[in-house]
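Here's the structure we're looking at; comments come further down.
FYI, it's all coordinate maths here, none of it is from the lab. Note that the structure is a prediction, hence the values are computed from the model and not measured. Using ideal geometry, Cβ is built from the backbone for each residue, glycine included, and neighbour counts are taken over all protein chains shown.
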Amino acid sequence: MNLLQKIKQKKEFKNLSDKVVEKSLYEYLKKNNLFLINLSKKDEKVIIKEIRAELRYLSGQFQKSSKNRLKIIENNSLYSLLKTHSSTLERLDFYSKLKSIISPLNAKSILDLGCGLNPIALASKGIKYLAVDIKEDELFIIEKFFKKNKINGETLVYDLRDFNSKDFLPVDLTILFKVLDILEKKSHKLANKIISTINSKYILVSFATKKLSGKSMNFPQRVWFLSILKKNKLKYKSFSNKNEIFYLIEKDISPT
Ligand SMILES: C[S@@+](CC[C@H](N)C(=O)[O-])C[C@H]1O[C@@H](n2cnc3c(N)ncnc32)[C@H](O)[C@@H]1O
């Protein structure tokens, strides 16, 4: 069994694409000047532990229960489905407000990056929706939802750590809910790259305002994010609910 297979042996990583695990593994080996061919058993053990910790951080903490998801989608009980992901569960009561904010933008195309189950709450007929994530199981559920509800939607397994704006067609609205904080721990280069280069008329970004402990953050505004907006001379409006702060950004482009 190779190292990648060993890392993926745990059930919780089964639905992550190999490419995502490979990327974490490659970056780790590069950073630590290690080579796959001469790894000791001890090195291997440490690598497996560290890569799993990173993958758990990227993908793991949000799912409430995946057991009945397929059954729920068969019954088209979307409200119950949204309750199976902690982020969509948290904003269940806020989706109608979000829709009233998105509606006047007249978006005909939406790109949802790191989407989780969010498209199930926001996608509708008449809007082309591209749902992007690293979790194949969630994208599978979304695909079923699109089909069942005759929504012009597609899903894409894509690792945002390799983000290139050329990989995406121009859209009216890009959604980045509670994902930018996860992508990089120290620098904010990737966030800057996504915000400054994405070909989207509007970008709606959100960040959690509560810590994992459930306590409210003392400074929920992301100063680093505001400086990215300032540096790129982007106009924005901010609003919040009890769990999240949102930034609606307007970019000066017209999608084709
Ligand atoms: C906190 S959840 C938020 C989900 C959704 N945006 C919402 O707010 O309802 C973060 C999501 O980002 C996805 N994600 C994490 N790292 C990613 C990466 N490198 N590329 C694409 N998606 C990623 C996770 O799989 C997860 O679905």
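Annotations
- Convex hull volume of segment 181-235 per residue (C-alpha atoms, cubic angstrom): 96
- Shown for 90, 44: other C-beta atoms within 10 Å of each C-beta, ranked fewest to most, produce the order 44, 90.
- The value of relative contact order for segment 32-142, using C-alpha pairs under 8 Å at least six residues apart, is 20 percent.
- Here the peptides 34-42, 121-129, 106-114, 94-102 are ranked by packing, the mean other Cβ count within 10 Å, and the order with the highest first is 106-114, 121-129, 94-102, 34-42.
- On Cα atoms only, tilt of 136-148 relative to the major axis of the chain in degrees: 30
- Summarising the label geometry, the points placed 7 Å from Cα in the beta-carbon direction at residue 161 and residue 143 lie 2.4 nm from one another.
- Exceeding the 30 Å Cα-Cα cut-off - candidates 8/31; 14/235; 83/148: 14/235
- Ranked by how many other Cβ atoms sit within 10 Å of their own Cβ, fewest first, the residues 88, 209 fall in the order 209, 88.
- Paramagnetic reach from residue 186 (point 7 Å along Cα→Cβ, amide N under 19 Å) across segment 214-228: 224-225
- The eigenvalues of the Cα gyration tensor, multiplied by 5 and square-rooted, give the chain an equivalent ellipsoid with semi-axes of 30, 23, 18 Å from largest to smallest.
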